[in-house]
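The values are calculated or read from the model by the stated rules, or taken from the named source; none is laboratory data. Because the structure is predicted, anything quoted here is derived from the model rather than measured. Cβ placement follows ideal geometry from the backbone for every residue including glycine, while neighbour counts extend to all protein chains displayed.
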Protein chains: 2
Amino acid sequence: MYIMVEGTIQSTLTLAILGLISQRPMTGYDLRKVFTTTPMWYFSNSPGAIYPALQRFENSGLIKGIVEGQDTLRPKRVYTLTEDGRQVLEQSLEQPITQDDVIRRRDDLVLRFTFMGNILGREKTLSYLKELLIQLENYIPSLQEHLDTERLAESPYDAFSIEYGIEMYQVYTRWAKHVIDQLEGN
Amino acid sequence: MYIMVEGTIQSTLTLAILGLISQRPMTGYDLRKVFTTTPMWYFSNSPGAIYPALQRFENSGLIKGIVEGQDTLRPKRVYTLTEDGRQVLEQSLEQPITQDDVIRRRDDLVLRFTFMGNILGREKTLSYLKELLIQLENYIPSLQEHLDTERLAESPYDAFSIEYGIEMYQVYTRWAKHVIDQLEGN
DNA sequence: TGAGACATGTAATCGGTTACATGATTCC
DNA sequence: GGAATCATGTAACCGATTACATGTCTCA
């Protein structure tokens with residue numbers, strides 16, 4: 001009988017939290033600092049989001065909090081990833097890239113890439129980027145089609161917006177190729 | 001005494017809904033179709049998101065539903081923007097662009113642009129794009145700085161991710177300039 | 001001594017996801 | 001007759017936002 005690991009990563013924020021803790025043990029406050037002072041400011045630094053998330057992770061055994069300075073007047077809870085936590089994180093990073101990811105979570109895919117290098121290694125990261133490339137190149141033509149119909153309909157604003165989308169996905173593609181080159185160059 | 005218009009636009013989805021209804025009267029089903037068959041598939045097409053949103057808007061008087069085919073066995077509720085609704089939408093589109101918008105809602109800003117043309121006119125749309133340009137050009141250097149420190153720290157994956165961000169914002173800038181040129185060219 | 005960083009939480013509220021539920025119409 | 005499309009909802013659940021709350025430590 002297999003023992004199933006309880007608890008999963010429900011959102012981008014929680015992936016970010018688990019990924020950061022995987023890099024080094026962290027307190028809630030450390031996480032908040034990352035989410036305010038680095039380009040990860042993209043995420044919520046709200047205590048109302050972070051502390052409950054840490055509690056949920058600890059309850060499902062993905063992280064373990066150790067109180068430091070218990071004797072002092074300002075103790076802090078330092079969280080470390082457990083074996084189960086590492087497993088869940090690995091599984092989460094290894095999920096195939098879906099159309100939905102490409103459409104609605106294109107930035108999240110970059111977050112996954114960021115953590116992947118250290119956790120799954122260079123080879124898997126390269127596969128991931130190649131998979132991403134395929135998905136991107138598969139998606140762009142469908143936008144292109146809509147651009148053509150929009151142009152015929154003479155909706156200039158709609159057309160500009162679709163152009164935005166196409167250009168975003170094109171640089172995304174270029175970026176992925178560039179990273180692949182760099183990683184293979186080593 | 002002023003009569004305050006109740007109800008505001010709480011999310012990107014609800015902005016999309018109100019904006020689409022402003023373009024032409026729509027049923028919930030029409031909205032769902034848009035959210036599945038056009039590049040607006042970016043948004044949720046879930047009935048559990050759309051129908052409650054329509055009810056909220058109607059309750060606060062921003063839209064008005066008229067039942068068509070009440071005598072038939074398959075009536076439908078066609079929603080139109082009210083005067084209040086138009087006011088709220090206009091106000092929402094006229095909000096200044098914040099840092100937070102640029103960081104966490106960069107795609108939403110494009111949605112606002114899309115509706116703006118028809119609702120606020122070309123002049124205001126141009127101002128909006130110029131404001132956007134300033135915000136973008138103001139934000140990019142802060143990413144650049146973090147890239148430099150990341151490179152010194154020799155975290156290649158982190159550095160690549162920041163590069164992604166920078167490139168995204170750079171094409172965004174290029175796109176905005178291009179649209180300004182096109183709109184001024186007319 | 002007072003501002004600002006350190007440090008952790010709770011509670012109300014709310015929009016969205018997921019899943020369930022129902023029935024009509026059209027077209028092959 | 002059956003699949004696909006048209007058409008509209010509800011209910012449980014849940015993560016995040018917002019706001020509130022509390023106290024320490026450090027350094028100028």
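Key figures
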| read-out | value |
| --- | --- |
| Unique match (being part of a helix (DSSP H, G or I), touching a residue at least 24 places away in the same chain (Cβ under 8 Å) and not basic (Lys, Arg)) among B:78, B:171, B:102 | B:102 |
| Out of B:135, B:99, sole residue that is within 11 Å of another protein chain (Cβ to nearest Cβ), over 21 Å from residue A:105 (Cβ atoms) and either more than 16 Å from DNA strand C (Cβ to nearest atom) or exposed (fewer than 15 other Cβ atoms within 10 Å of the Cβ) (or both) | B:99 |
| Identity of the residue in region A:138-168, aromatic (Phe, Trp, Tyr) and without any contact (Cβ under 8 Å) to a residue 12 or more places away in the chain, that ends up surrounded by the fewest Cβ atoms within 10 Å (Cβ to Cβ) | A:157 |
| Residue satisfying condition, being under 22 Å from the mean Cα position of the chain (by Cα) and of a type in the set (Gly, Ala, Ser), within set B:127, B:142, B:155, B:161 | B:127 |
| Restricting region A:45-75 to residues that are at pLDDT below 95 and within 12 Å of DNA strand C (Cβ to nearest atom), the residue that is nearest to the other protein chains (Cβ to nearest Cβ) | A:68 |
| Residue match in region B:28-35 (condition: within 14 Å of DNA strand C (Cβ to nearest atom), modelled with pLDDT of 95 or more and within 14 Å of chain A (Cβ to nearest Cβ)) | yes |
| Residue under evaluation residue B:48, criteria (1) surrounded by 16 or more Cβ atoms within 10 Å (Cβ to Cβ); (2) over 22 Å from residue B:116 (Cβ atoms); (3) over 19 Å from the mean Cα position of the chain (by Cα), criterion not met | (1) |
| Some residue of region A:122-129 being surrounded by 17 or more Cβ atoms within 10 Å (Cβ to Cβ) and more than 30 Å from residue A:64 (Cα to Cα) | yes |
| Residues being part of a helix (DSSP H, G or I) and over 21 Å from residue B:99 (Cβ atoms) - total across region B:151-162 | 7 |
| Criterion: acidic (Asp, Glu), touching a residue at least 12 places away in the same chain (Cβ under 8 Å), within 16 Å of DNA strand D (Cβ to nearest atom) and more than 23 Å from residue A:43 (Cα to Cα) - qualifying residue of B:58, B:131 | B:58 |
| Flag for residue A:83 being under 30 Å from residue A:138 (Cβ atoms), more than 14 Å from chain B (Cβ to nearest Cβ) and either away from DNA strand D (no atom under 12 Å from the Cβ) or touching a strand residue (DSSP E or B) at 6+ places or on another chain (Cβ under 7 Å) (or both) | no |
| Search result, residues across region B:118-128 that are modelled with pLDDT of 95 or more and either within 14 Å of residue A:42 (Cβ to Cβ) or not in a loop (DSSP other than H, G, I, E, B) (or both) | B:119, B:120, B:122, B:123, B:124, B:125, B:126, B:127, B:128 |
| Residues being within 16 Å of DNA strand D (Cβ to nearest atom), more than 10 Å from chain A (Cβ to nearest Cβ) and among the aliphatic types (A, V, I, L, M) - total across region B:102-126 | 1 |
| Given (1) away from DNA strand D (no atom under 12 Å from the Cβ); (2) closer than 29 Å to residue A:159 by Cα; (3) in a loop (DSSP other than H, G, I, E, B), index of the condition residue B:14 fails | (3) |
| Residue check for residue B:148: within 16 Å of DNA strand D (Cβ to nearest atom), among the charged types (D, E, K, R) and not in a loop (DSSP other than H, G, I, E, B) | no |
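Matching residues to (1) assigned to a helix (DSSP H, G or I); (2) touching a Lys or Arg at 6+ places or on another chain (Cβ under 9 Å); (3) farther than 28 Å from residue A:162 by Cα:
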| site | (1), (2), (3) |
| --- | --- |
| B:7 | no, yes, yes |
| B:34 | yes, no, no |
| B:41 | yes, yes, no |
| B:45 | no, yes, no |
| B:61 | no, no, yes |
| B:74 | no, no, yes |
